[in-house]
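Here the structure is laid out as structure tokens; the discussion comes afterwards.
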Amino acid sequence: MTTGTTVAAPGAPDGAVAGPVFIGSEVYRGSSYGRWHPLAVPRVPQVMDLCRALGWLPAGQYRISPRARPAALTLWHTPDYVAALQQAEAEQAASPAVQARHNIGTTANPIFPEMFRRPATGVGGVMLAATLLRHGGVVHAPGGGTHHGLPDRANGFCYFNDPVIAVLALRAEGCARIAYVDIDAHHCDGVDHAFANDPAVLTVSVHEENRWPRTGAITDRGCGNLVNLPVPKGLNDNEMALIRDDLILRRVAGFRPDAIVMQCGADALAEDPMSRLSLSNNAHIAILRGLRALSPRLMVLGGGGYNPWSVGRLWTRVWAELAGHPVPDRLPPPARAVLDGLRWTGLRERRPVQLHWRDTLRDLPAEGPIRDAIRTRIAAHGRAMV
């Protein structure tokens, strides 16, 4: 397989997607932001490997992500910024002026060998997904979800903003109303920047309060289709179930979208070192299940996630849910071998490897009381709709 294929813009499919499609790429295998970066951990490759080890990824359902051409990237990003990223990759360096202007070559957004090719492949994947969804269907693109990128700056480990381009590409395919739902632990500031004042896009973000980038206040509602719900640390499955039913699904159903883009960040899980939320991956799957019934088109992206075991297990479960595969109580040896082979690299705290991280895809429920703060914040959004 090659990762060098390019695409300028989505083209016309022959018809509706016959079944769920998984979009992946080998560009993520061995690609790293650097030894000490939180994204030193492998993520997308183990999802692909787990799905294949379980027999869940036949050739007919797998597509290699193309790499978006520079002209396609300027659908939202500035030409100068796209050119600066290409040059920085080629030279493996950025001048002080370029670093200051575009925020590349920093600790968070470092110079690394695939710093243009890797995010451009993520964009190419969502553009391909939009093509495949023209007539309806479901697509999983775990390499997507870089929701912090800004038009002319890298931001929060994100060089391009593929969720923004996913929405724009779906619009180009004829979708008039698009819902974007983000359950990453970090607020989707780049997507918010793009669509806060666009009445044809509903943006729903559930994120941890007082965590970087410290945007997404509950009072930030844009033109009325911006739903921000900052939540306190320790968010549990019962609280997320209430948020799911009384806020996320209610708002999306009322919006009646032609397509839904879901950013399924794994950093909201209890095992992740980059947040202090306490969800199990059951919460993510329950939200996914509810959203699937609300639109004829669903694109599911990856996002944050800095524990390689929990990321791989969640996004593999996402594919199982979309493709209709029953999740075994205990993984067969080939799948366990994939998880046994993972290593925790990077500077972030390394937690002891738990048995269930290597033995099963399904977390134990993370139940708990529903705090008054959660009820009050959901109610505040309800009042705003009146």
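Determine if the range 196-204 includes at least one residue that is under 13 Å from the mean Cα position of the chain (by Cα) and not aromatic (Phe, Trp, Tyr).
The initial filter retains those residues of the range 196-204 that are under 13 Å from the mean Cα position of the chain (by Cα), namely none.
Within the range 196-204 (the criterion being under 13 Å from the mean Cα position of the chain (by Cα) and not aromatic (Phe, Trp, Tyr)), the answer is no, since none of the residues qualifies.
Restricted to the range 219-274, and to residues that are over 25 Å from Val164 (Cβ atoms) and of a type in the set (D, E, K, R), which residue is modelled with the lowest pLDDT?
Among those residues, the one meeting the criterion is Glu271.
Given the criterion closer than 18 Å to Val311 by Cβ and in contact with a helix residue (DSSP H, G or I) (Cβ under 8 Å, 6 or more places away or on another chain), identify the matching residue among Asp152, Asp182.
Asp182
Of the numbered conditions (1) surrounded by 22 or more Cβ atoms within 10 Å (Cβ to Cβ); (2) part of a loop (DSSP other than H, G, I, E, B); (3) in contact with a strand residue (DSSP E or B) (Cβ under 7 Å, 6 or more places away or on another chain), Met262 fails exactly one; give the number of that condition.
(2)
With Ala169, Ala200, Ala176 as the choices, which residue is in contact (Cβ under 8 Å) with a residue 24 or more places away in the chain, small (Gly, Ala, Ser) and either buried (at least 17 other Cβ atoms within 10 Å of the Cβ) or under 18 Å from Arg67 (Cβ atoms) (or both)?
From the options Ala169, Ala200, Ala176, the qualifying one is Ala169.
Which number in (1) part of a loop (DSSP other than H, G, I, E, B); (2) crowded, with 17+ Cβ neighbours inside 10 Å marks the one condition that Gly55 misses?
Condition (2) is where Gly55 drops out.
Go through the range 274-292 residue by residue and tally those that are touching a residue at least 60 places away in the same chain (Cβ under 8 Å), closer than 14 Å to Ile243 by Cα and among the small types (Gly, Ala, Ser).
1
Which one is surrounded by the most Cβ atoms within 10 Å (Cβ to Cβ), of the residues in the range 70-98 that are out of contact with any helix residue (DSSP H, G or I) (no Cβ under 7 Å at 6 or more places or on another chain) and under 21 Å from Val191 (Cα atoms)?
Checked the range 70-98; the qualifying residue surrounded by the most Cβ atoms within 10 Å (Cβ to Cβ) is Leu85.
Can you work out which of the residues in the range 265-293 that are of a type in the set (Gly, Ala, Ser) and closer than 18 Å to Leu364 by Cβ is surrounded by the most Cβ atoms within 10 Å (Cβ to Cβ)?
Filtering the range 265-293 for residues that are of a type in the set (Gly, Ala, Ser) and closer than 18 Å to Leu364 by Cβ, the one surrounded by the most Cβ atoms within 10 Å (Cβ to Cβ) comes out as Ala266.
Restricting to the range 112-169, and then to whatever is under 17 Å from Ala72 (Cβ atoms) and of a type in the set (Val, Ile, Thr), can you tell me which residue is nearest to the chain's Cα centre (by Cα)?
In this case the residue turns out to be Thr146.
Among all residue pairs at least 6 apart or on different chains, which show Cβ distances below 8 Å where the first residue, located in the range 80-103, is among the charged types (D, E, K, R) and the second is loosely packed, with under 15 Cβ neighbours inside 10 Å and assigned to a loop (DSSP other than H, G, I, E, B)?
Cβ pairs passing all conditions: Glu89/Pro113.
Could you count how many residues in the range 119-140 are within 18 Å of Arg69 (Cβ to Cβ) and either touching a strand residue (DSSP E or B) at 6+ places or on another chain (Cβ under 8 Å) or buried (at least 24 other Cβ atoms within 10 Å of the Cβ) (or both)? Break it down stepwise before answering.
Filtering the range 119-140 down to residues within 18 Å of Arg69 (Cβ to Cβ) leaves 119-131.
Still in the list and also either touching a strand residue (DSSP E or B) at 6+ places or on another chain (Cβ under 8 Å) or buried (at least 24 other Cβ atoms within 10 Å of the Cβ) (or both): 119-130.
Matching residues across the range 119-140 total 12.
Return yes when Ala384 is modelled with pLDDT under 95, assigned to a helix (DSSP H, G or I) and not charged (D, E, K, R) and no when it is not. So that I can check it myself, show each step before the final result.
Working: modelled with pLDDT under 95: yes; assigned to a helix (DSSP H, G or I): yes; not charged (D, E, K, R): yes.
Criteria met by Ala384.
Across the range 99-116, which residue is farthest from Pro151 (Cα to Cα) among those that are out of contact with any Gly (no Cβ under 7 Å at 6 or more places or on another chain) and surrounded by fewer than 19 Cβ atoms within 10 Å (Cβ to Cβ)?
Pro113
Of the residues Pro326, Pro333, Pro308, Pro296, which is surrounded by fewer than 18 Cβ atoms within 10 Å (Cβ to Cβ) and either within 24 Å of Asp246 (Cα to Cα) or touching a Leu at 6+ places or on another chain (Cβ under 9 Å) (or both)?
When all the criteria are applied, what remains is Pro296.
Kindly indicate whether Ser205 is at pLDDT 95 or above and farther than 23 Å from Gly382 by Cβ.
No: the conditions fail for Ser205.
The values are calculated or read from the model by the stated rules, or taken from the named source; none is laboratory data. Not measured: the values here are computed from a predicted model. Virtual Cβ from ideal backbone geometry, glycine too; neighbours counted across all protein chains shown.
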